[in-house]
Amino acid sequence: MTQILVIEDEVTIQENTREVLEGYGFEVITADNGVVGIQLARSKVPDLILCDIMMPELDGYGVLMALRQDAITETIPVIFLTAKASRTDQRQGMDLGADDYLTKPFTAEELLGAISSRLERQLRLTQKYTDERQRVRQLKQESLQHQQKLQESQQLESLKTELLHKLSQDLRDPLSSINMAIHLLKQADSDVEREQYLTILQKECAREIQLLNEIANLQELLTPENTQLLQRFKLLNR
């Protein structure tokens, strides 16, 4: 239920205003002066405030200044109720952050029209604020996802470099054996020796092919998802 705070020192106007508003389904709380009004605004945080200007202890302008300086109440719409309707008075109130003016005496239609207009405007502002917060939250999430993907990509590239370096070193060993076997094969004096060196060549060639196949398999294996899985089970160093 929409809650409205009425700050009005004239009992008759306060009660009449309460009666009209409650008749249209609003929840109404009242204050007889500005000091009590500020306290209720801070504790209840109503959806809208109707505030008289000419009051004892603290007038409507003082109430409005206090409300706008408090983070809890600064966005609550405030409609002034006043017998002072000069342009200067209205400008002073608007400069302090008033949302509207109602000049006494006012009709129930005028009161309800002003309240409806302010509440609709507040709803639009609240929705706009909510949408903006959602947009900022989404941008932050997308930024974090982008950073995570970038980190995974850099990590994956580092792992690929490390593994390819290791495979490069492993590929050199069979090549050394192959070169040595070819050299000895050329100097072999008997079929037995030649057969022995050919066996070495076949073995090292098979080993070289196996390493090359492992490189191809690793290219398919090293995806960001698999990299995380391998690291989780400590199958990779990083």
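Given a cut-off of 28 Å, name the pairs among Lys44/Lys128; Lys140/Lys166; Lys166/Lys186 whose C-alpha atoms lie farther apart than that in the structure shown.
On the way: Lys44/Lys128 24 Å; Lys140/Lys166 39 Å; Lys166/Lys186 31 Å.
Violating the 28 Å limit, Cα to Cα: Lys140/Lys166; Lys166/Lys186.
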Note the full-extension length gain between Glu57 and Glu74 as 0.36 nm times their separation in residues minus their Cα-Cα distance, in nm to one decimal. 4.0 nm
What percent does the relative contact order of segment 3-78 come to when contacts are Cα pairs within less than 8 Å and at least six residues apart? 34 percent
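Apply the a/c threshold of 1.5 to the C-alpha gyration tensor of segment 1-87 and tell me whether it is rounded, prolate or oblate. Spell out each step's value before the answer.
Details: a/c = 1.58, a/b = 1.08, b/c = 1.47.
Oblate, because a/c is 1.5 or more while a/b does not exceed b/c.
Are there GluC sites (Glu not before Pro) in segment 1-67 that DSSP marks as loop and that have at most 13 other Cβ atoms within 10 Å, and which are they?
Answer in residue order: Glu57.
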Over segment 1-50, what percent of the accessible surface lies on carbon and sulfur atoms, probe 1.4 Å? 46 percent
Expressed as a rounded percentage, what relative contact order does segment 1-145 have, with Cα pairs under 8 Å and six or more residues apart? 19 percent
Taking a crude spin-label model, label points 7 Å out from Cα along the C-beta direction, the Val136 to Leu185 distance in nm is 7.3 nm
Amide H proximity to Val28 below 5 Å, modelled H, separation 5+ or other chain, gives Ile4
Rounded to the nearest 10 Å², the accessible area of Val36 at probe 1.4 Å: 60 Å²
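The values are calculated or read from the model by the stated rules, or taken from the named source; none is laboratory data. No experiment lies behind these values; they were computed from the predicted model shown. Quick reminder, even Gly has a Cβ in these numbers, built from the backbone with ideal geometry, and neighbours come from all protein chains shown. Keep in mind that these areas ignore ligands, DNA and RNA; they rest on the heavy atoms of the full protein, side chains included. Shrake-Rupley method; radii C 1.70, N 1.55, O 1.52, S 1.80 Å.
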